[in-house]
1. Give the residues of segment 136-161 that are open to solvent by 20 Å² or more (accessible area, probe 1.4 Å), farther than 30 Å from residue 44 by Cβ and more than 11 Å from the chain's Cα centre (by Cα), sorted by residue number.
2. What pairs can you find where one residue is in segment 300-323 and under 28 Å from residue 403 (Cβ atoms) and among the small types (Gly, Ala, Ser), the other is assigned to a loop (DSSP other than H, G, I, E, B) and open to solvent by less than 70 Å² (accessible area, probe 1.4 Å), and their Cβ atoms are less than 8 Å apart, with a gap of 6+ or different chains?
3. If the requirement is being open to solvent by less than 40 Å² (accessible area, probe 1.4 Å) and farther than 30 Å from residue 194 by Cα, which of these qualifies: 51, 105?
4. Against the condition touching a Phe, Trp or Tyr at 6+ places or on another chain (Cβ under 9 Å) and of a type outside the set (Phe, Trp, Tyr), how does residue 316 come out, does it pass?
5. Out of all the residues in segment 153-174, which are within 26 Å of residue 22 (Cα to Cα) and not in a helix (DSSP H, G or I)?
6. Taking the criterion of being modelled with pLDDT of 90 or more, out of contact with any Phe, Trp or Tyr (no Cβ under 6 Å at 6 or more places or on another chain), open to solvent by 30 Å² or more (accessible area, probe 1.4 Å) and under 29 Å from residue 168 (Cα atoms), would at least one residue in segment 118-135 satisfy it?
7. Counting only residues that are surrounded by fewer than 24 Cβ atoms within 10 Å (Cβ to Cβ) and among the small types (Gly, Ala, Ser), how many does segment 349-362 have?
Amino acid sequence: MTLATADRKRSLSDRTKVIGLVSSGHFFAHFYVIVLPPLFPLLQKEFGVSYSALGLLLTVSSVTTGLIQVPVGFLVDRFGARRLLMLGLLCMSAAVILSGLTSSYYTLLAMMLLLGAGNSVFHPADYAILSARVEHSLLGRAFSLHTFSGHLGWAIAPTVMITLTAIWGWRPALIAVGLGGLFVLGAMLLYGRVLDDSPAPKQEKPREREDESKDKASAASNIGLLFTAPMLLLFCYMIMASVAAIGLNSFTVVALVDLYDTSLDSANLVLTVFLSCSAGGVLLGGVIADRTKRHDLVLIAGFCIAAVALVLVGSSWLPLMAVTLSIALAGLMNGAIRPSRDIMVRSAAPAGSVGKVFGFVTSGMNVGGAIAPLLFGWILDQGQTPWIFYAAAGAMILALGAALMARSKTLNTVLSD
């Protein structure tokens, strides 16, 4: 075996470990975020509280994540992503385990605060590590696997929790899934060297490394970067894209029942098709993102096709099979644009600023998550059910406009420099 061959195999092994470890952590981060809702009927009886009080648990977790994600992004750029990533996973795992041990609602509320704090780490740390450790030619697929792992965590959490609860009870179930995160943490400790978010030495020249160190120190202290036009536009993009996705996830079932007079089971099946196609689209989008430099065109095609499909569904004249196919197409496109979206955000981030940029931009998801339930609930209250799909389509077009404007501003900045 030649030295070059050995180096290639070592590089492949390290890249596999990086993507595997980061994606595994992201899987548990998403899994833990919705680990309690399947248990709400049991928790309501156990703690003697209202469902509003149980809903507050999720609100506390989400708000905590949104408030501290940007500061965590600065810490990632300043101190490195690896330790913060492991700390975040430790916080989330501990919060879930302790939730299974507590007998107090207020302790559970504190655990959700800890859970939200831990969750704030993943987007800035994960993207910083992947951007540094994966070659640009494979970055789209790395981002897609990372995103897909999160979708998978969301998808299987209810089934896993219900199954484990039926076998052991809800307390052992929470402890068991919490220990799963600690297992991944152990793997991160064992192979921690590959999670270093500084560029691999063989890809750098001494002068480049010195310049990047200066850029990193400068960027870490420059909060003004986050208030430049490209960053604010990308933040708005995340808000509108999240409004569309969460609105569809939450209200597709009730809208289909009302518009098409279908059964609840059939409407839930259509939603499952949408979510499954969205997850599959993420993997497809990773391949596409690595084969094109025009990520803006991917967003244009994906959002426009999805928006047209949703408008057709909202028209209420399609047969149910055509509705299912349209929803499936919208889900596929909604997933396929995400790796290209992530690469566009990565391209807009100056050297040494990936953590803070992703921390800031992806916090728009939390804002969108707060807006969507209120907006779409209000639409239903007004008896304007078709606007569930029209509003989602409109939010997608607004997201596309923000992304294209951000790309234009970024290009203008690069050319002027």
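The values are calculated or read from the model by the stated rules, or taken from the named source; none is laboratory data. Note that this is a predicted model, so its numbers are computed, not measured. So basically every Cβ, Gly included, is an ideal-geometry build from the backbone, and we count neighbours across all protein chains shown. Heavy atoms of the whole protein, side chains included, go into the accessibility calculation; ligands, DNA and RNA do not. Shrake-Rupley method; radii C 1.70, N 1.55, O 1.52, S 1.80 Å.
1. Correct list: 136, 137, 138, 141, 145.
2. From segment 300-323, the pairs are 314/386; 315/386.
3. 105
4. Answer is yes for this residue.
5. If the condition is that a residue be within 26 Å of residue 22 (Cα to Cα) and not in a helix (DSSP H, G or I), then no residue fits.
6. yes
7. Adding up the residues that qualify gives 2.
To keep it simple, each residue is scored yes or no on (1) at pLDDT 90 or above; (2) farther than 18 Å from residue 117 by Cα.
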residue	(1), (2)
10	no, yes
28	yes, no
45	yes, yes
48	yes, yes
51	no, yes
66	no, no
79	no, no
